[in-house]
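Quick note: the coordinates plus some simple rules give every number you see, no bench work behind them. Every value quoted in this text rests on a predicted model; they were computed, and no experiment measured them. Heads up, the Cβs are rebuilt from the backbone with ideal geometry, glycines too, and the neighbour counts pull from every protein chain shown.
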Amino acid sequence: MKRIALAAVLALSTSAVAAQSVAPMPVKDPGVATLVGFLIPGGGQLYAEETKRGFLFMTGTVIAFGAGLALDVKQIPDIVFPPLFVGNTTIPGIVIPGRPANHTGPIVGSVIGAVLWISAAVDAGSSARRTNEKHSRVSLVPTPQGAAVRIAF
């Protein structure tokens, strides 16, 4: 009888200590992560606590849009140097041909930036799920029959 009482007291005390030492992690909602990812590139990953991944998406998107704007080539007109008359000598004029405008840089930069932004938003939900599984002791494991619940101790 004393052993049973001692075992019960020991079990209750260890479960109380375990309950106090393990604080539940907040659950990251994949829907909120995706919404934040559509508003700010990489924001969903930052919400889901995957900061390196979030900053990579954010930096890549900004670089793509910025490079596209920087590569916007305006039309450069012809540069004409008129002829020079020195005494009885005439030095002929020089014409340096210009360049037509080329606006493919912003188009390419916008397409690459948009693809990065959308892929970051789509990945944000997966980032939230990964974070929840990393901080949780309960997770779903795929099996040939469907899915099984795994509980880690």
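One table, with the values for the structure above:
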read-out: Projected label distance in nm at LEU56 and ALA147, using a 7 Å step from Cα toward the beta-carbon; value: 2.6
read-out: Hydrodynamic radius of segment 36-153 per Kirkwood, over alpha carbon pairs, in Å; value: 18.8
read-out: Calculated log₁₀ intensity ratio I(q)/I(0) where the Debye formula runs over C-alpha points of segment 67-128, q = 0.28 Å⁻¹; value: -1.03
read-out: Extension gain, HIS135 back to VAL111 (0.36 nm per residue minus Cα-Cα distance, nm); value: 5.0 nm
